[in-house]
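Single-structure report; data block below.
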Amino acid sequence: MYWTFPATMKIEKSLGCVISAIFRRATMYMIYRSWNQGILGKSVRHLAEPTVLDWIRNIWSDASSQDAYDWLTHELGTTVYGLDRLFSKGAQPPQTMQELRTLARTRLPDTYQCNVDEHSVRVLANGLDCDVAYYLVDDAAVAANPERWSFAVHDAPLPEAAAPPLSTTAFTPPLQVTDLTDHPPSGEGTVYAVLLTCKAKHDSIGWNPTFALPGVRLPQFGAALRDLDTSTDEWPLELEVLRVLVAPDEDGIAAALERCNRWPEYRWLSGKQPHPPRSHVESLRLLDTVSPEPERHRVRTVIQVGEHVAQMFIHDGYDDFEQWFFFDDRWTATHPELAASLIWFAYHWDPLCSRSHMYLTPCSDNRIRYVAVVGENGQAQVRHAEPQDEPRVWDLRRWTYEKRPAGEVTTGEVLGTVEIQFQQPSPDTCKFTNFTITRTRHGQAVAAMLARRVRHDLQDAGITRATGWLPEEYLYPHSRRFLRTLGKIH
C-alpha cells in the first residue's frame with residue numbers, strides 16, 4: 001500500500017500550520033509510545049494547556065473524582081498505561097514540578113524510569129505486553145529543542161520532499177552510526193537505515209542503532225546492498241532479508257520492501273539470530289513455500305517510497321507495527337532536525353537523554369553507573385562508566401559465575417561496578433540498581449574505592465536514605481566492605 005499526497009495539499013497544509021502557530025496560545029503534547037499505537041507505534045495528542053503542570057492541575061478534580069482510567073482514556077483517545085495512578089481521590093494536586101516529580105516517581109506503577117524537568121515528564125514503564133514510554137511536554141520546550149523532539153511529536157509518516165538544503169553544513173548524526181561495510185561504494189551521498197523493531201517484552205523501547213552506507217543515495221541503494229562484498233552476519237535480520245530480496249535487475253528497494261512484507265518471521269524466541277538464504281532465488285522460493293505467522297496481516301502493512309526517503313510500517317501481529325526508515329543525505333539536508341531526532345528516538349527511550357551511556361543502561365537524568373577500571377599505571381580508578389567500558393562490564397558479570405581466565409588484570413579491565421538512581425523516588429532517597437565486584441584478590445580494595453566515591457556524591461546530593469534492596473553479602477561478594485565504607489544510610 002502506498003500513500004501519496006498532491007503537492008497543493010502539502011502547500012496548503014504547511015501554510016495552515018504556520019498560520020495556526022502564529023495565532024494559537026501555548027499548548028502541550030501528550031505522546032504515548034507503544035507498539036500497538038497504530039502504524040507509527042505512537043499516539044500524539046496536542047492539548048490546549050499552557051504547560052504540563054497546568055494540565056495536571058486543571059484535570060485533577062475531574063480525573064480524581066471518578067474512574068481516572070476511563071476518564072483519561074476518553075480525554076486522550078487512548079489508554080496510557082499507568083497514568084491514571086497519578087490521580088488519587090482526596091489528594092491535592094501538585095503545586096510545582098518538583099512536587100509532580102516526587103508524585104510521579106512514587107505513584108506511577110511498574111516504572112523503570114521517570115525523568116522530570118521544568119517542562120516535561122518522561123516515563124518508561126513495564127506495560128502489559130511490552131515496555132511503553134510516554135511524554136508530557138510543553139510546546140515551548142519542543143520548539144526550543146527540535147533536534148530531540150521533532151520526531152516524537154511528528155504524527156505522520158516522514159515527509160517525502162527533499163527540497164534545496166536548509167544549510168550548507170553537511171548532516172552529522174547525533175549518535176555514532178554503524179557502517180554496513182568497510183568497503184563502501186565510491187559514489188556520492190550516504191543512506192541511513194533506522195529500524196524500530198521489537199525483539200522482546202523488555203528492553204523493547206530504544207536500543208535501535210542507525211546503520212549507514214556511504215557512497216550511495218536511495219535510488220541506487222538496493223543495487224549497492226546487493227553488490228556489497230561483505231559479510232552480513234553482524235547485520236540485523238531485517239537488513240539481511242532486504243539485501244537478498246533485491247532482484248538482480250533492480251536499483252531501488254521498493255519491490256524488495258514488498259517482498260520483505262511477505263517474509264515469514266523477523267522475531268526469534270531463543271538461540272542465535274537466523275539468517276536468510278544467501279541467494280535471491282532461494283529466498284523467493286522460501287516466500288512461496290512458508291507463510292507468515294497467522295496473526296500477521298500483510299495487507300495492513302503500509303509502504304511509502306519516495307526518491308530520497310523510504311519507509312515501511314510492517315504489521316507484526318495483532319495490533320502491533322514496526323517501523324523501517326531509509327533516507328539519504330539529500331533528505332537530511334532538507335529535514336536535519338527531523339532526521340536527528342529520529343536517530344535519537346530510535347536509540348534513547350528518553351528524547352532528552354544527554355548521557356553517553358552503555359547499551360543496556362536506561363536513559364535517565366538520575367541514574368549513574370560507577371566503574372573501577374585498571375589504568376595505564378596498573379592502578380584501579382573510579383569514574384562514571386563510558387560506552388567503551390561495556391564489553392569489560394559484561395566480562396565482569398560473566399566472571400561472577402564462570403572461572404576467570406588466569407593471569408593478572410590488564411589495562412581497561414573493569415574490576416567493579418555500582419549503579420544508583422539518585423533522588424528516587426524522593427529528593428533525599430536513592431535506589432541501588434546494580435552491584436558487581438570482582439572475585440579476585442583486588443575485591444576488598446575495589447569495594448572500598450567505589451564506596452568512597454559513592455559516599456561523596458550522595459553527600460553532595462543531600463541523600464541519606466535508600467529504597468529497594470541493598471547489596472547483601474550472601475549474594476554479592478565484598479558488599480560488607482562496601483556498605484561499611486559507605487557509612488550510615490537509612
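The values are calculated or read from the model by the stated rules, or taken from the named source; none is laboratory data. Only a predicted model underlies this, so the values are computations on that prediction, with no experimental measurement involved. Positions of Cβ are generated from backbone atoms using ideal geometry, with glycine treated the same way; all protein chains shown enter the neighbour counts.
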State whether one or more residues within the stretch 50-59 are modelled with pLDDT under 95 and farther than 16 Å from V121 by Cβ.
no
With respect to the numbered conditions (1) under 14 Å from the mean Cα position of the chain (by Cα); (2) assigned by TED's automatic domain parsing to the domain that holds P248; (3) surrounded by fewer than 21 Cβ atoms within 10 Å (Cβ to Cβ), which one is the sole condition not fulfilled by E188?
(1)
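Conditions tested, residue by residue: (1) outside the structural domain of K201 (by TED's automatic domain parsing); (2) touching a residue at least 24 places away in the same chain (Cβ under 8 Å); (3) within 14 Å of I39 (Cβ to Cβ); (4) not polar (S, T, N, Q).
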| site | (1), (2), (3), (4) |
| --- | --- |
| L237 | no, yes, no, yes |
| V241 | no, yes, no, yes |
| E250 | no, yes, no, yes |
| S291 | no, yes, no, no |
| P294 | no, no, no, yes |
| F321 | no, yes, yes, yes |
Pairs only if they're at least six apart or on different chains, beta carbon under 8 angstrom, first in the stretch 44-61 and over 13 Å from T27 (Cβ atoms), second surrounded by fewer than 17 Cβ atoms within 10 Å (Cβ to Cβ) and not acidic (D, E); list them, first residue then second.
L53/T96
Considering only the stretch 289-333, state which residues are surrounded by fewer than 21 Cβ atoms within 10 Å (Cβ to Cβ), in a helix (DSSP H, G or I) and hydroxyl-bearing (S, T, Y).
T289
The stretch 11-49, residues that are under 22 Å from W149 (Cβ atoms), at pLDDT below 75 and not β-branched (V, I, T)
K13, S14, G16, C17, S20, A21, F23, R24, R25
Is it fair to say F345 is within 18 Å of V241 (Cα to Cα) and crowded, with 23+ Cβ neighbours inside 10 Å?
no
Filtered residues of the stretch 74-101 (kept if among the aliphatic types (A, V, I, L, M) and in contact with a Lys or Arg (Cβ under 7 Å, 6 or more places away or on another chain)):
L76, L86
Meets criteria (over 19 Å from T197 (Cβ atoms), outside the structural domain of S34 (by TED's automatic domain parsing), at pLDDT below 95 and outside any strand (DSSP E or B)) for L286:
yes
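Report, by residue number, each residue of the stretch 405-432 that is polar (S, T, N, Q) and under 22 Å from E386 (Cβ atoms).
T410, T411, T417, Q421
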Odd one out for L175 among (1) within 15 Å of R33 (Cβ to Cβ); (2) under 16 Å from the mean Cα position of the chain (by Cα):
(1)
Do the conditions hold for G215, that is, is it out of contact with any Ser or Thr (no Cβ under 6 Å at 6 or more places or on another chain) and on the phi > 0 side of the Ramachandran plot?
no
Got a number for residues in the stretch 140-160 being closer than 22 Å to T79 by Cα and charged (D, E, K, R)?
1
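Each row is one residue, and each column tells you yes or no for (1) assigned to a loop (DSSP other than H, G, I, E, B); (2) among the charged types (D, E, K, R); (3) farther than 13 Å from Y134 by Cα.
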| position | (1), (2), (3) |
| --- | --- |
| Q37 | yes, no, no |
| L40 | yes, no, yes |
| S43 | no, no, no |
| W55 | no, no, yes |
| V80 | yes, no, no |
| R85 | no, yes, yes |
| G90 | yes, no, yes |
| P93 | yes, no, yes |
First in the stretch 298-319 and closer than 20 Å to S204 by Cβ and in the same structural domain as K201 (by TED's automatic domain parsing), second anywhere and of a type in the set (D, E) and in a strand (DSSP E or B), Cβ under 8 Å, 6 or more apart
F313/E322; I314/E322; D316/E322
Just give me the residues in the stretch 378-437 being loosely packed, with under 14 Cβ neighbours inside 10 Å, at pLDDT below 85 and of a type in the set (S, T, Y), in sequence order.
T400, Y401
So which residues in the stretch 96-148 are crowded, with 16+ Cβ neighbours inside 10 Å, among the β-branched types (V, I, T) and outside any helix (DSSP H, G or I), if there are any at all?
T111, V116, V121, V123, V132, V137
Tally time: how many residues in the stretch 64-86 are farther than 18 Å from H46 by Cβ and either surrounded by fewer than 16 Cβ atoms within 10 Å (Cβ to Cβ) or in contact with an Asp or Glu (Cβ under 9 Å, 6 or more places away or on another chain) (or both)?
10
Please indicate, with yes or no, whether at least one residue in the stretch 346-354 is modelled with pLDDT of 85 or more and assigned to a helix (DSSP H, G or I).
yes
What is the number of the single condition among (1) exposed (fewer than 14 other Cβ atoms within 10 Å of the Cβ); (2) in contact with a Leu (Cβ under 9 Å, 6 or more places away or on another chain) that E282 does not meet?
(2)
